[in-house]
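Structure first, then comments.
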Amino acid sequence: MKVFLLGAILLLAFVVRAIDLNGQSLFIDEFSEISHAKNSVTEIIYANDSAPPLFPIALKAWIAFWQTDASARWFSVVCGVASVLCVWGIGRRLVDDATGLAAAFVTAILPMHVFYSQFVRCYSLMFLCVALDLWLLLRALDRDRIGDWIAFVVVAVLGAYTHYYFVIFLPVSILVICWSRHHWWIGKRAVAAYAAVGIAMLPLLWLLPGDLAFQKGLRDPRPLNAATFGYTYFSIFNGYTLGPSTSELQTMTARQAIRGAAPWAAAVGVILLVLGYAGWRRLRGERSLLVILALGVLPVAILGFLSIAGGLNYNVRFVTWIMIAAAVWLGAGIAAGRRQRLVQLACAALILLSALAFYNHHWVARYEEEDLRGAASYLHAHATTNDTVYVVSDYLADLMRYYLGDKWHVVELPSPGNVNHVVHNNTDARQAADLATDASGRQAWLIYSRPFHGDPEGLLLKTLESRDSLELAATCPGVAIYRGEHPHVAAK
């Protein structure tokens with residue numbers, strides 16, 4: 001029966017992640033990752049891209065095997081489903097079999113876990129490495145066999161070469177050992193295992209400076225604060241698709257964001273209150289409670305400290321594996337109180353909330369990624385390769401070229417040939433508008449998307465519209481397509 005239930009949960013996890021997997025356009029980060037994976041292994045290793053090279057190398061092999069870019073998201077799906085199995089193993093070793101099954105079920109439907117299991121970045125693989133390594137660590141603590149410690153070392157090294165922030169797991173895992181053994185000596189084999197991991201990670205010190213400089217150069221650092229701390233845990237249950245969207249958050253004040261998220265946060269809070277209390281009653285007095293708290297709180301605290309002390313960007317995606325703690329805690333509550341009406345209602349509400357978050361992400365335009373694939377389809381039907389296609393924000397131009405094809409003339413705005421330029425004032429807007437209405441003799445199209453990066457106050461768009469040079473031709477989720485003609489073309 002337990003095997004059947006576990007199989008059903010894994011099937012559910014797969015189905016939820018497979019539905020409409022490639023229904024949306026690639027996000028710019030996904031496109032960058034796929035493009036990076038097409039480089040040679042040497043180029044991948046030496047590239048400064050803010051992360052170690054394991055994920056793009058693995059993705060390169062995956063795409064080469066399937067021979068299509070459309071397979072890229074399936075790699076994350078496989079990692080996501082495999083990590084559900086690992087959470088089952090963690091739950092049953094920390095608590096009991098019923099908790100393991102319930103924790104796996106919670107992970108299977110958690111909106112954030114589903115989100116990153118459909119996203120072409122290293123976070124699904126990093127979650128898998130943490131979950132598998134924790135499972136192996138718990139097994140090594142139970143049996144203390146050399147083979148188990150070797151397996152722990154291998155997976156830890158793979159995790160470190162997947163993302164630098166995997167290293168946060170290592171001190172947390174040491175606390176897991178100490179609390180499991182009731183003393184601060186972790187044992188000779190554990191010491192040897194961590195020493196081996198440390199030695200194997202030394203080459204990362206050679207790669208780290210360039211990757212760190214790249215990350216700092218992407219944007220102004222956003223360290224941990226009270227608002228982002230609260231959103232970290234809320235996002236586990238909203239998957240970025242309940243309350244304000246990620247695009248809306250870019251232009252909202254903290255007060256506006258809190259007001260928009262409040263109804264959904266209240267719903268999540270009620271669910272956590274019921275299931276969390278049931279979980280606490282099951283776990284109180286057990287060593288596993290401290291382990292779960294460490295897994296759920298310390299990674300955020302450590303990452304927050306690094307963001308403040310090191311001037312780095314804080315983002316929950318760097319420690320998505322705090323979901324393991326949430327799943328086991330809630331799983332313990334579901335397993336212990338499964339015959340209680342209130343727990344049943346809370347579990348049903350969690351399922352409903354997760355389903356709504358999934359629906360919003362895939363079929364509500366407000367939460368969908370920018371549909372540059374749809375914009376390209378429109379241009380293929382209504383424009384020609386002799387036209388000029390301007391793109392705001394500028395860093396989306398390469399993704400537009402990807403969907404349009406090499407023959408199309410795509411130009412970045414506000415600064416052609418450059419990316420990450422921003423319209424700061426009316427002078428910048430006029431200069432960019434002049435470039436978009438030059439005397440090239442081409443009909444112009446403007447793909448306007450994510451204005452908060454290239455045109456945060458809408459000054460460029462207002463300037464172009466004031467010249468009667470644009471008309472709205474079509475819209476796609478997150479994208480407006482404007483059609484315009486250069487003055488001398490319109491006069492002919």
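Matching residues to (1) under 30 Å from residue 453 (Cβ atoms); (2) of a type in the set (Lys, Arg); (3) touching a Cys at 6+ places or on another chain (Cβ under 7 Å); (4) open to solvent by less than 40 Å² (accessible area, probe 1.4 Å):
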position	(1), (2), (3), (4)
248	yes, no, no, no
257	yes, no, no, yes
262	yes, no, no, no
266	no, no, no, no
270	no, no, no, no
274	no, no, no, yes
278	no, no, no, yes
287	no, yes, no, no
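Checking residue 324 against (1) in contact (Cβ under 8 Å) with a residue 40 or more places away in the chain; (2) on the phi > 0 side of the Ramachandran plot, which test does it fail?
The single condition residue 324 does not satisfy is (2).
Given the options 210, 260, name the one that is in contact with an Asp or Glu (Cβ under 8 Å, 6 or more places away or on another chain) and farther than 19 Å from residue 316 by Cα. If you could, list the steps in order and put the result at the bottom.
On the way: 210 fails: in contact with an Asp or Glu (Cβ under 8 Å, 6 or more places away or on another chain).
Being in contact with an Asp or Glu (Cβ under 8 Å, 6 or more places away or on another chain) and farther than 19 Å from residue 316 by Cα holds for just one of 210, 260, which is 260.
Could you check the range 297-315 and list, in sequence order, the residues that are open to solvent by 10 Å² or more (accessible area, probe 1.4 Å) and either touching a Cys at 6+ places or on another chain (Cβ under 6 Å) or assigned to a helix (DSSP H, G or I) (or both)?
Scanning the range 297-315 gives 297, 298, 301, 302, 305, 306, 308, 309.
Which condition number in (1) modelled with pLDDT of 90 or more; (2) in a helix (DSSP H, G or I); (3) open to solvent by 30 Å² or more (accessible area, probe 1.4 Å); (4) over 21 Å from residue 307 (Cα atoms) is the one that residue 231 fails?
Condition (4) is where residue 231 drops out.
Since residue 82 meets every condition but one in (1) open to solvent by 10 Å² or more (accessible area, probe 1.4 Å); (2) in contact (Cβ under 8 Å) with a residue 40 or more places away in the chain; (3) over 18 Å from the mean Cα position of the chain (by Cα), which condition does it not meet?
(3)
Starting from the range 398-416, take each residue that is in contact (Cβ under 8 Å) with a residue 40 or more places away in the chain and list its partners that are assigned to a helix (DSSP H, G or I) and among the aromatic types (Phe, Trp, Tyr), counting only C-beta distances under 6 angstrom and pairs at least six apart or across chains.
399/31
Report the residue count in the range 40-60 for those that are in contact (Cβ under 8 Å) with a residue 12 or more places away in the chain, open to solvent by 40 Å² or more (accessible area, probe 1.4 Å) and in a loop (DSSP other than H, G, I, E, B).
Number of matching residues: 1.
Can you list the helices (runs of 4 or more DSSP H) found entirely within the range 326-445 that contain at least 2 residues being open to solvent by 50 Å² or more (accessible area, probe 1.4 Å) and touching a strand residue (DSSP E or B) at 6+ places or on another chain (Cβ under 6 Å)?
Of the helices (runs of 4 or more DSSP H) lying wholly inside the range 326-445, none has at least 2 residues that are open to solvent by 50 Å² or more (accessible area, probe 1.4 Å) and touching a strand residue (DSSP E or B) at 6+ places or on another chain (Cβ under 6 Å).
Would you pick out the residues in the range 174-211 that are open to solvent by less than 60 Å² (accessible area, probe 1.4 Å) and touching a residue at least 60 places away in the same chain (Cβ under 8 Å)?
175, 176, 180, 204, 207, 210, 211
The values are calculated or read from the model by the stated rules, or taken from the named source; none is laboratory data. Fair warning: this is a prediction, and the values are worked out from it, not measured in the lab. Positions of Cβ are generated from backbone atoms using ideal geometry, with glycine treated the same way; all protein chains shown enter the neighbour counts. Accessible surface is based on the protein model in full, side chains and every heavy atom, while ligands, DNA and RNA are left aside. Shrake-Rupley method; radii C 1.70, N 1.55, O 1.52, S 1.80 Å.
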